[in-house]
Structures are given as C-alpha cells and as structure tokens.
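Readers should treat all values here as calculations from the given coordinates under stated rules, not as data from a laboratory. Bear in mind the structure is a predicted one, so any value in this text is a computation, not a measurement. For neighbour counting, all protein chains shown are included, and Cβ atoms are generated from backbone atoms with ideal geometry for every residue, glycine included.
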Amino acid sequence: MQRDKPLVRVRDVMKTKFDLVDGMATVATALETMRHVENKTLIVKRRDADDEIGMVLISDIARHVLAPDRAPERVNVYEIMAKPVISVSPDMDIRYCARLFTRFLLTRAPVVEDGEVVGIVSMTDLVIKGMLPYL
C-alpha cells in the first residue's frame, strides 16, 4: 500500500528539553530547579542500572502537595512520582503513540532510546505538531 502522506514519528514532535530530578529531592527543590516549565513534567533519575524511570507531572504536585496543603519542602519526589512509567520509542509512528496514550489514559510519556531518556512527548505535541503534515 502506498502512502500519500508522510510518516510522522515521535522524534519529529517530541520535546528534547526536559528536567531531570533525583527522587530524594524535595518537591520545593525540584520546582526550583525546573527550567523547562513548558513540559509540565519532571523525569526522575534512575538510582542504578536496575532501576526504572520515574515521572512527576505538575498535576501530581497539585493533587498530592498543593490540594492537601502539604509543605513542598517536606515532601520528597519519590512520594508522589509514578514509577515505572510507560515510555515510547522515538521511532514510533505518532498514530500508534496516540492510540497508546488513549488506551492507557496518558497525557505524556518519556521517549527512551537505548535505555536513556531523549525527550518527552505529550498528546498536545502529537496533535498540534504531528497532524500538520496530514493537513
């Protein structure tokens, strides 16, 4: 079957700038060091080679720290992070990525290549950046 529209891959739409944080850091410290606020995501570093990638969304901080009125300097990232997380390959077709997000109710995921995080992709990235070649 011949394609008349280009194949758009996750690497074409992902954000390559993201913030890494240690799971032992406090939420206050994590927020202070967050340079790429447009991502609304913090990737939690692996402790060692056998560990998995973790992730904290701004919504996690709102739900688990802000809403219950907990002091961000007294809450560690590991207490509110998601781990393990579903990750995607940079070579994945954005249509399959959108299906994965829909199936598992995800809004964003780390993009992992050779065991390392190389970016973050969100549903917004898939639609706004990814749909342009189809229009």
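Report the semi-axes of the equivalent ellipsoid for the range 10-134 in whole Å, largest first, where each axis is √(5λ) for an eigenvalue λ of the Cα gyration tensor.
With the √(5λ) rule applied to the range 10-134, the semi-axes are 26, 16, 12 Å.
Projecting each Cα onto the charge dipole of the chain (Lys/Arg +1, Asp/Glu -1 at the beta carbon, about the Cα centre), which of 132, 101, 20 comes out farthest on the positive side?
Result: 132, furthest along the dipole toward the positive end.
In whole Å, what is the distance between the alpha-carbon centres of the range 107-128 and the range 1-52?
The distance from the Cα centre of the range 107-128 to that of the range 1-52 comes to 7 Å.
Under 8 Å for C-alpha pairs, at least 6 residues apart: give me the relative contact order for the range 34-122, rounded to a whole percent.
Computed over the range 34-122, the figure is 21 percent.
Using 5 Å bins from zero, what percent of all Cα-Cα pairs in the range 1-61 falls into each bin?
Using 5 Å bins, I get a P(r) of 4, 15, 22, 18, 14, 9, 5, 6, 5, 2, 1 for the range 1-61.
With springs connecting C-alpha atoms under 10 Å apart, model the chain as a Gaussian network and identify which of 20, 31, 105 has the largest mean-square fluctuation.
Sorting by GNM fluctuation, first place goes to 105.
Among the aspartates and glutamates, which fall within straight-line cross-link reach of residue 15, defined as a Cα-Cα distance under 18 Å, with same-chain neighbours fewer than 8 residues apart omitted?
Excluding near neighbours in sequence, the set is 38, 91, 93, 113, 114, 116, 125.
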